[in-house]
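Enquirer: Dropping a structure here in structure tokens format, bear with me for questions.
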Amino acid sequence: MRAPLLHRRTALAGLLALALTGCASVAPPSAIGPATERHGTALPASAALGLATGTPSRHWWHALQDEQLNTLVQTAMQHNQDRQAAVAAVRQARALAGLAERNALPQGSLSAQAQAQRPSLAEVDPYNQGLERPPQQRLGTIAQMVSWEIDLFGRVGTASAVAQRQADAAAATAHSAEALLQAEVVRHYVLLRLYQHDLARLHEESDVLQRRHTLLQARERAGLADRREALAAQAQREQALATIAQTQAALHGTRAAMAVLAGRAPTTAEGDSTWQALLAPQANPSSALPAVPDTSGVVQPTDLLARRPDVARADAQLRAALGETVLADRAHLPRLSLNLSAGLNAPFGALGQASAVRYAVGPALQWDWLDAGRNRARAAAAKAGDEVAWHQLEQTVLQALADSESALRQWGAARTAWQHATQAEGAAQRAAQHAQKRFDTGLEPPTEALQHQAQWLQARRSTMAQQADALQAYARVQLALAAWQPDDAGSTRPAATQPPTP
């Protein structure tokens, strides 16, 4: 009888020894480096614009040299609800990662139970042998248990790595939310200043067109002008009034959007004097908008893909999917745990006796050998998830490169358009001044001088619109080049340029 028992013990010991050799946990490496080698990050637009390479400044909006904008960005970073939700999601993901890591540690529990029990007669005498039913018994039980699952096949470590990658994905999402918030504040601030400037110029243009219309009506009554000229002047003024109404509505919408970005209710922000001071129009019309930074304000990072939060999120999701595949492949393997339980079990009043002590200690092996194909289906789904995550990473990388290239091209085009608009404004200003001199000397009627003055005001608004486009293109460039990492220790604030002199 001892030989079979000995053989069973030997087989069990061999199985445990084989299980203890196990498999290591798996933490897939980042795929950003290979993606950089495959696709490269050299942008043709960067070479065409003559951009330097290095580390972009995190506070890139400081290049606009606007203290009110700096205050608004700081306020939005502190109170924006989307950003706070993203930061809370990072804390949640990191807490879950810590929970997954602690699954490899022992788990203990303490229990206490008091009960009165008496078995039934069918339990005591199932074969009707005349056995007596025992009396009622009152028992007390106090026990504590410690269980420690041995991570034989790296499942606990791999699950911890998966949770860490999910925390990395949440952190990348938070970085993306911060970068988008900063760009949105800059964009709406530029629109706010543009609408404020346009309203002031539109009121001036409306007054000029009204005077011209009045003069043309008088000339028409005197037979010196055709009625069509008066009607055209009236149409111009009505168009100016319609543009004023549209600009006022857009201004109110932009102010409401700025309040929401800063975590304020638009209805209550209107009564806050401090908030209104931040959004007040500039006193000097020539400095209504921040100056457009030159090319030194844009730096192409050497690690573009690694800095992009969308690429970092896709990479973390791919690594988590690879870990899930490992877990699915190892789901059929056995589980080994070390269990220890000790306690007291006796009638009330006898728990302190030595005979009440009970304990159990030893390993426990569990192997689910029949799963009806569930593990295979789980592994197939996990492998398909790997493919999904891989293609999503590739698409994100390609889109990141396309966004960076197009953003640089649009910024260069916007700067060129702004410079030409400034030249056109200078020409319109000189034409208006020349027409005024001819009117002063009696060589032209006043209506011509007023018409050129209105055209000059329109050219001024067109220049400011092109300047706003250039500033928004600058924000899109910084967003595309992922300027959300910490500042370089040796970085300097890029200088801004003034518009070219007409």
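The values are calculated or read from the model by the stated rules, or taken from the named source; none is laboratory data. Since the model is a prediction, treat every value here as computed from it, not as a measurement. Note that each Cβ is placed from the backbone with ideal geometry, even for glycine, and that neighbours are counted across all protein chains shown. Heavy atoms of the whole protein, side chains included, go into the accessibility calculation; ligands, DNA and RNA do not. Shrake-Rupley method; radii C 1.70, N 1.55, O 1.52, S 1.80 Å.
Enquirer: With only alpha-carbon atoms counted, please give the Rg and Dmax of the range 76-174, in Å.
Expert: 26.5, 85
Enquirer: Taking all protein chains together and a probe of 1.4 Å, list LEU338, LEU278 from the most accessible to the least accessible.
Expert: Result of the area sort, largest leading: LEU338, LEU278.
Enquirer: Multiply the residue separation of ALA402 and ARG227 by 0.36 nm, subtract the distance between their alpha-carbon atoms, and state the gained length in nm to one decimal.
Expert: Working it through step by step, the gained length comes to 57.5 nm.
Enquirer: Take the alpha carbon atoms of the range 239-364, find their radius of gyration, then divide it by 2.2 N^0.38 Å using N residues; give the quotient.
Expert: 2.50
Enquirer: Along the range 460-468, what does the Karplus equation 6.51 cos²θ - 1.76 cosθ + 1.60 (θ = phi - 60°) give for ³J(HN,Hα), rounded to whole Hz, x for Gly and Pro?
Expert: For the range 460-468, the Karplus curve yields 5, 5, 5, 5, 5, 5, 5, 5, 5 Hz.
Enquirer: Mind giving me the nanometre distance, one decimal, between the label points for ALA112 and ALA372, set 7 Å out from Cα along Cα→Cβ?
Expert: Rounded to a tenth, the inter-label distance reads 4.3 nm.
Enquirer: A further question on this structure: Can you give me the P(r) profile for the range 327-411? Cα pairs, bins 10 angstrom wide beginning at 0, each as a whole percent.
Expert: 13, 18, 15, 15, 14, 11, 7, 5, 2
Enquirer: I would also like to ask the following. Measure off 7 Å from each Cα along the Cα-to-Cβ vector at ALA413 and ALA235, then give the distance between these two points in nanometres to one decimal.
Expert: 3.1
Enquirer: Taking θ = phi - 60°, what integer Hz values does the Karplus form 6.51 cos²θ - 1.76 cosθ + 1.60 yield along the range 38-44, in sequence order, with x for Gly and Pro?
Expert: Result, ordered by residue: 5, 9, x, 10, 6, 9, x Hz.
Enquirer: Can you quote the Å³ per residue value for the convex hull of the Cα atoms in the range 204-306, rounded to an integer?
Expert: About 222 Å³ per residue, rounded to a whole number.
Enquirer: Just how much of VAL361 is accessible, in Å², when a 1.4 Å probe is used and the result is rounded to the nearest 10?
Expert: 110
Enquirer: How tilted is helix 67-79 with respect to the longest principal axis of the chain? Cα atoms for both, answer in degrees (0 to 90, nearest 10).
Expert: 20
Enquirer: In terms of modelled amide H atoms, which long-range or inter-chain residues lie less than 5 Å from the amide H of ILE150?
Expert: Here the answer is LEU336, SER337, LEU338, since their amide H atoms fall under 5 Å of that of ILE150.
Enquirer: Right, here's the next one. So if R0 is 56 Å, what FRET efficiency would HIS252 and LEU99 give, r being the distance between their Cβ atoms, rounded to the nearest 0.05?
Expert: Taking R0 as 56 Å, the efficiency between HIS252 and LEU99 is 0.75.
Enquirer: Roughly speaking, what is the stretch gain from HIS391 to THR302, that is 0.36 nm per residue apart minus the C-alpha to C-alpha distance, in nm to one decimal?
Expert: So the chain would gain 29.6 nm between HIS391 and THR302.
Enquirer: Based on the Cβ-Cβ distance from ARG438 to GLN92, what FRET efficiency comes out when R0 is 60 Å, to the nearest 0.05?
Expert: Once rounded, the FRET efficiency stands at 0.25.
Enquirer: If you don't mind, there's one more thing I want to ask. Using the Karplus curve 6.51 cos²θ - 1.76 cosθ + 1.60 with θ = phi - 60°, work out ³J(HN,Hα) for each residue of the range 142-151 in order, rounded to whole Hz, and write x for Gly and Pro.
Expert: The phi angles translate into 10, 8, 9, 10, 10, 10, 9, 7, 7, 7 Hz.
Enquirer: Per the helix-only calculation at 222 nm, which mean residue ellipticity applies to the chain, given -39500 (n - 2.57) for every DSSP H run of n ≥ 4 and division by its residues, nearest 500 deg cm²/dmol?
Expert: The helix contribution divided over the chain gives -21500 deg cm²/dmol.
Enquirer: Could I ask something else about it? What ranking do 311-320, 396-405 get when scored by the average of other Cβ atoms within 10 Å per residue, highest first?
Expert: Numbers: 311-320: 24.4, 396-405: 18.4.
Most protected by this proxy first, the peptides run 311-320, 396-405.
Enquirer: Still on this model: Give me the Kirkwood hydrodynamic radius of the chain in Å, from all C-alpha pairs, to one decimal place?
Expert: 30.1
Enquirer: Using modelled amide H (1.01 Å from N, peptide plane; none on Pro or chain starts), what sits under 5 Å from the amide H of ALA482, excluding residues fewer than 5 places away?
Expert: It is none; the list stays empty.
Enquirer: Right, next: Around ALA346, which amide H atoms from residues at least 5 apart in sequence, or from another chain, sit under 5 Å from its own amide H, with H modelled in the peptide plane?
Expert: GLY140
Enquirer: Given R₀ = 35 Å, FRET efficiency for ASP207-GLN74 by Cβ-Cβ distance, to 0.05?
Expert: 0.35
Enquirer: Between ALA42 and ALA122, how many nm apart are label points set 7 Å from Cα along the C-beta direction?
Expert: Placing both labels 7 Å beyond Cα along the Cβ direction yields 8.6 nm.
Enquirer: At a 1.4 Å probe, what is the % contribution of carbon and sulfur to the accessible area of the chain?
Expert: Details: 15070 of 27430 Å².
Within the chain, the accessible surface is 55 percent carbon and sulfur.
Enquirer: Let me ask you something else. How much accessible area per residue does the chain have, in Å², with a 1.4 Å probe?
Expert: So the chain comes to 55 Å² accessible per residue, rounded to a whole number.
Enquirer: Could you order peptides 79-86, 59-66, 351-358 by the average number of other Cβ atoms within 10 Å of their residues, highest first?
Expert: So the order, starting with the most tightly packed, is 59-66, 79-86, 351-358.
Enquirer: Give me the extension gain from ALA431 to GLN81: residue separation times 0.36 nm, minus the current Cα-Cα distance, reported in nm with one decimal. List each step's numbers first, then the result.
Expert: On the way: separation 350, 0.36 × 350 = 126.00 nm, distance 5.08 nm.
Length gained between ALA431 and GLN81: 120.9 nm.
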